[in-house]
Amino acid sequence: MNTFRVLKTAVTDVAATTTQPGATTAARTGVLNLSKGFTVQTPNFLAPTSRGVVPHISPDNFERNTGVEGVFVALEDFIEKAPQRIPPLYTYPSTLRSFISLPSSAFLLLSARRSPNITCPKANSDANLSILTSVGFRDLPIKDYVSAVIRLEPDIVLGIADIANTVSPGKNRVQKMVNRTVKWLDELLGSVYAGGSSSGGGDNNSTDEKDTVKKLPAVFAPILPLEKERQRFYLSHLVENVEKLSGLVFTTNESVDVVPEELAGLPKLQSDVVGGPHQVLEMVERGVDLFNVGFVGTMTDAGIALHFSFSADEVMDNGGKDKLDLATDMWDVKFATDLSPLEEGCDCYTCKTHHKAYIRHCLEAKEMTAWVLLQIHNLKVVERFFGGVRRSIEEGWWEKGRSGFEVKYTREMPVGTGLGPRLRGYQYKSVGGEGKLNEPAYRSLDSGDEDGL
Amino acid sequence: MAQQKAALSFDLIAKCSVSRARASTMTLPHGPVELPMFMPVATQASLKGLTPEQLESLGCRLCLNNTYHLGLKPGQATLDAVGGAHRLQSWNHNILTDSGGFQMVSLLKLAKITEEGVRFLSPHDGSPMLLTPEHSMSLQNSIGSDIMMQLDDVIATTSPDKERIVEAMHRSVRWLDRCIEAHKYPEKQNLFCIIQGGLDLELRRECVKEMVKRDTPGIAIGGLSGGEEKAKYCAVVRTCTEMLPDMKPRYVMGVGYPEDLVVSVALGADMFDCVWPTRTARFGNAVTSRGTLNLRHASYAADFSPVDEDCDCPCCRSKENGGLGVTKAYIHHLTGKETAGAHILTMHNVYYLLDLMRNARQAIIADAYPSFVKEFFGKIYKYDTAEYPIWAVDALKTVGIDLTEA
Ligand SMILES: [Zn+2]
Ligand SMILES: [Zn+2]
């Protein structure tokens, strides 16, 4: 069984509650038990993947040098040849976890699409979701997703939301969004709770029923990016099916506020965290438990090292002066001979073994190792940050920690100055008609070796 | 000639009773290495996205850095400030550097060689620059490599200009003398000479005589990665090893195809380096015991077997046996799209070549090198002797190994 238990809700400052009864914090710690044996302490994070890999992190580095507990995998990364050719993943005799050589220490969340993702020019239809694969825009039949979920055995699966391409959809479109999302969720739940018998695995009949139930993936239902009023029908449908749901997922910060009381006990995943640690803290405050931290990879690709921590340290507020940066651009020439680690006291592989001068050299020389080392460190910073957040709630200093963080650090992440690794298809922000993504790797003088991937 | 200082010790462990293959242990300033060996090339102090920890986990104890590249980035001043290349890349094992000359001649179309050195235009700003033997030594002293190479006068072995080849050979000898003179730390860095002479065996012999007199701690055979006929390549290696002292390591520069390695070991060579196995990984090419496979090919999209079933590298080893259990299909899925795909395949390719030489060494120690060679070729060509490359069959015959006999 997949279960979630709230362990502790953050204590609100007494003075604040007496004057403003509504201003209670929703920050909480919890424990998510997944049916395949994972125990996840929340708040916590998932690492986004691209084509099944945490960017720049080979599976051996994942296991040895990161503390990542869960990954966010998108089916759209695996099915470019469909429907003309059956995607290899569908003929693979084992699970998605095994296909991507995911270490056994991490749980796998499957989504139809990446998060954040590229808006497709073509609208969804009743039976199809528009997706972007490495070879272009395609339709993903909902029934294919549903049967893939059974076959690929993720630990968590996200329901699919029908999200309009426009920011403020009209009444008819909203109705369609609600109806389709209900229908698609029902199809997913129907298949998952039928033990996957619809997928054609007919020889499962003899399996002990208890056993089958035990290993079901946790279904997280999407909350639509709409005001509460406009998705009332959908939300009440979720309430009716609360027994079958193991969590909720949303992409906009506001969506967390539309969650009805009856669903409050479910873990909540913000799948689109691009704003950095301040955004995370705001969402923890509003009761979010899990975060897909897209900003980490963005920083790594830009050659930026994170260095922030969540602590109970006393912070003096001097009116915004002397705020610390959340991160540093490692392209800066001032690091050329700097033999100190990316972050003093950090126990990650990168900081224990390498210095700023080497990382700066690898960036400058366009050596892929630069991004490997930065990614290892950046993931470790985020891991420690979430550890701090959990401790603060358990030990009763959440609010102090949060306001201290607010005072201590600037809000904005630095903007990268150097060239990143080769752009990948999903990073292509516009639709068609543009020039090449990447400059040619070869130059006339040294045409051999300086071509990063 | 004066006895040269050496910062290495060389122990000959075993010799093949049939061919000229040798097993030895060479102890360098950063620890012992076992020969024969393949040395991966970390051009700019980084091996194609692998961390030094990963490279070490593959069993590598000696890798290359390129002097020309490190001279440009991070530059000599930075190298001095950081304290050398070991410190720069946190690599506590051995490093070998080339002289920088070959890189210039091959990468910079406008390089021109005079008695003074190699003239070229700076890739930074186009200003004229000069790499002399003294400057090469100074750079390699700043890098702090365990093995440094003399600046030699490199020209393609395929050059038709006989006179130029003769000149280059003699100049290389003169430049070695200047290198020895300019080398600041002979007690902690080993300078290897490089035998030149094109494909002319008489010229090679003459060069060996001159170079051996200079008594460097190790000896390289140079100028052979330029696309010459394989039979001629083998003749040069054989001619040189015949005359070389037993008690010094022999390094054939720029050679890295598995078949070349196996044959060259039989001809008496000990050390090899090549960018090919690591560079080619980025394009999805897997070096395996059954030949090179291009995993980008559609036929591998749904091939769920390991890259090489006989390989025990972390990628190919199954999950059950503590490996990653990576399949050809997954590398196909990642190649050219995610850097980690290149990292995984680079690990495999480097491991494959390191392991090939480790196994060769074991075979030599067991005095079973001829059967090792036969099995190696048999696997690649499915024991169809008609498919075996003629140059390999012929070259091996000259040292007593007959591939065609059962
Ligand atoms: Zn670190
Ligand atoms: Zn392998």
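The values are calculated or read from the model by the stated rules, or taken from the named source; none is laboratory data. This one's a predicted model, so the numbers in the text were calculated from it and none came from an experiment. With ideal geometry, Cβ positions are generated from the backbone for all residues, glycine too; neighbour counts draw on all protein chains shown. Only protein heavy atoms, including side chains, enter the accessible area calculation; ligands, DNA and RNA are left aside. Shrake-Rupley method; radii C 1.70, N 1.55, O 1.52, S 1.80 Å.
Calculated on the alpha-carbon coordinates, the convex hull of the stretch A:268-329 measures out at 100 cubic angstrom per residue. Using the alpha carbons alone, the radius of gyration of the stretch A:52-100 stands to its Kirkwood radius in an Rg to Rh ratio of 1.04. When the charge dipole of chain B is built from unit charges on Cβ atoms (+1 for Lys and Arg, -1 for Asp and Glu) and taken about the Cα centre, the candidate among B:VAL173, B:TYR369, B:VAL41 whose Cα reaches farthest toward its positive end is B:VAL41. Under 5 Å from the amide H of A:LEU46 lie the amide H atoms of A:PHE291, A:ASN292, A:VAL293, each residue being 5 or more positions distant or on a separate chain, with H modelled from the backbone and absent for Pro and chain starts.
Neighbours of A:GLY30, meaning other residues whose beta-carbon lies under 13 angstrom from its beta-carbon, give a summed charge of +3 when Lys and Arg score +1 and Asp and Glu score -1. One Cα centroid belongs to the stretch A:268-283, the other to the stretch B:111-181; the line between them spans 57 Å.
Can you classify the stretch B:281-367 as rounded, prolate or oblate using the Cα gyration tensor, where a ≥ b ≥ c are the square roots of its eigenvalues, rounded means a/c under 1.5, and otherwise it's prolate if a/b beats b/c and oblate if not? It is prolate, given that a/c is not under 1.5 and a/b is the larger ratio.
How big is the antiparallel share of DSSP beta bridges in the protein assembly as shown, given as a percent to the nearest 5?
Bridges in the protein assembly as shown are about 45 percent antiparallel.
On the principal axes of its alpha-carbon atoms, chain B has extents of 57, 47, 39 Å, going from largest to smallest. Indicate, rounded to the nearest 5 percent, the antiparallel portion of the DSSP beta bridges found entirely in the stretch B:9-274. Roughly 45 percent of the beta bridges in the stretch B:9-274 run antiparallel, per DSSP. Multiplying the residue separation of B:THR158 and B:SER305 by 0.36 nm and removing their Cα-Cα distance gives an extension gain of 48.8 nm.
First select every other residue whose beta carbon is under 13 angstrom from the beta carbon of A:PHE295; then total the charges, Lys and Arg +1, Asp and Glu -1. For residues surrounding A:PHE295, the net value is -2. Modelled spin-label separation between A:VAL242 and B:SER90, with each label point placed 7 Å from Cα along the Cα-to-Cβ direction: 4.9 nm. Straight Cα distances below 22 angstrom link B:LYS397 to the lysines B:LYS15, B:LYS230, B:LYS232, B:LYS374, B:LYS379, B:LYS382, with same-chain residues fewer than 8 positions distant left out.
In deg cm²/dmol and to the nearest 500, what is the mean residue ellipticity at 222 nm of chain B if only DSSP H runs of at least 4 residues count, each as -39500 (n - 2.57), divided by the residue total? Calculated at 222 nm, the ellipticity per residue is -11500 deg cm²/dmol.
The label-point distance for B:GLU242 and B:ALA368, in a model that sets each label 7 Å from Cα toward Cβ, rounds to 3.2 nm. The mean sequence distance of close C-alpha pairs (under 8 Å, at least 6 residues apart), as a share of the length of the stretch B:9-274, puts its relative contact order at 18 percent. Seen from B:GLN54, the other residues with C-beta closer than 10 Å to its C-beta sum to a net charge of -2, counting Lys and Arg as +1 and Asp and Glu as -1.
Report the one residue of B:THR404, B:LEU244, B:THR288 whose Cα lies farthest in the direction of the positive end of the charge dipole of chain B (charges on C-beta: Lys and Arg +1, Asp and Glu -1; origin at the Cα centre). Among B:THR404, B:LEU244, B:THR288, the one farthest towards the positive end of the dipole of chain B is B:THR288. Its relative contact order, with pairs defined as Cα atoms under 8 Å and 6+ residues apart, puts chain A at 17 percent.
Under the shape rule built on the C-alpha gyration tensor, where the axes satisfy a ≥ b ≥ c, the stretch B:126-256 is oblate, since a/c reaches at least 1.5 while a/b does not exceed b/c. Does the protein assembly as shown come out rounded, prolate or oblate by the C-alpha gyration tensor, with a ≥ b ≥ c the root eigenvalues, rounded set by a/c under 1.5 and, if not, prolate when a/b is larger than b/c and oblate if not? Prolate shape, in that a/c is at least 1.5 and a/b is the bigger ratio. Each stretch of four or more DSSP H residues adds -39500 (n - 2.57); spread over every residue of chain A, this sum gives -9000 deg cm²/dmol at 222 nm. Given the stretch A:303-427 reduced to its alpha-carbon atoms as identical point scatterers, what log10 I(q)/I(0) does the Debye formula return at q = 0.13, 0.16, 0.20, 0.23 Å⁻¹? Debye curve over Cα of the stretch A:303-427, log10 I(q)/I(0) at q = 0.13, 0.16, 0.20, 0.23 Å⁻¹: -0.60, -0.85, -1.13, -1.30. Placing a label point 7 Å from the Cα of B:ASP384 along the Cα-to-Cβ line, the residues of the stretch B:289-318 whose backbone N sits under 16 Å from it are B:290-292. For the stretch B:99-172, the fraction of 1.4 Å probe accessible surface lying on carbon and sulfur atoms is 60 percent.
With the cut-off at under 16 Å, measuring from each backbone N in the stretch B:72-86 to a point 7 Å along the Cα-to-Cβ line of A:ARG64 picks out no residue. Identify all aspartates and glutamates with a Cα-Cα distance to A:LYS215 below 14 Å; exclude those on the same chain that are fewer than 8 residues away in sequence. By straight Cα distance, A:LYS215 reaches A:GLU153, A:ASP155.
Would you mind finding the longest exposed-site-free stretch of chain B, with exposed GluC sites (Glu not before Pro) meaning DSSP loop and at most 15 other Cβ atoms within 10 Å? Each step should come with its number before you reach the end.
Working: sites that count: B:GLU115, B:GLU116, B:GLU187, B:GLU229, B:GLU309, B:GLU405.
Answer from the scan: B:1-114.
Distance between the modelled labels on B:ARG174 and A:SER125, one decimal in nanometres: 7.9 nm (7 Å Cα→Cβ projection). In the stretch B:205-330, the DSSP beta bridges split such that about 45 percent are antiparallel, to the nearest 5. Taking every alpha-carbon pair within chain A, the share separated by more than 30 Å comes to 47 percent. Extension gain, B:VAL393 to B:LYS188: 0.36 nm times the residue separation minus the Cα-Cα distance gives 69.7 nm.
If I require 24 Å or longer along the helix axis, counting alpha carbons, and a Kyte-Doolittle average no lower than 0.5, what helices from chain B are left? Use full DSSP H segments.
Details: long enough: B:162-182 (30 Å, -0.55); B:339-365 (39 Å, 0.37).
Answer set is empty.
Applying both filters, DSSP loop and at most 13 other Cβ atoms within 10 Å, to the trypsin sites (Lys or Arg not before Pro) of the stretch B:350-406 gives B:LYS382.
When we measure straight from the Cα of A:LYS228, which aspartates and glutamates land under 19 angstrom away, once same-chain ones fewer than 8 places off are left out? Reachable aspartates and glutamates: A:ASP162, A:GLU240, A:GLU254, A:ASP257, A:GLU261, A:GLU262. Length gained on full extension, A:MET1 to A:LYS321: 110.2 nm, using 0.36 nm per residue less the C-alpha separation.
A Förster distance of 35 Å, applied to the separation of the beta-carbon atoms of B:THR27 and A:SER340, puts the FRET efficiency at 0.60.
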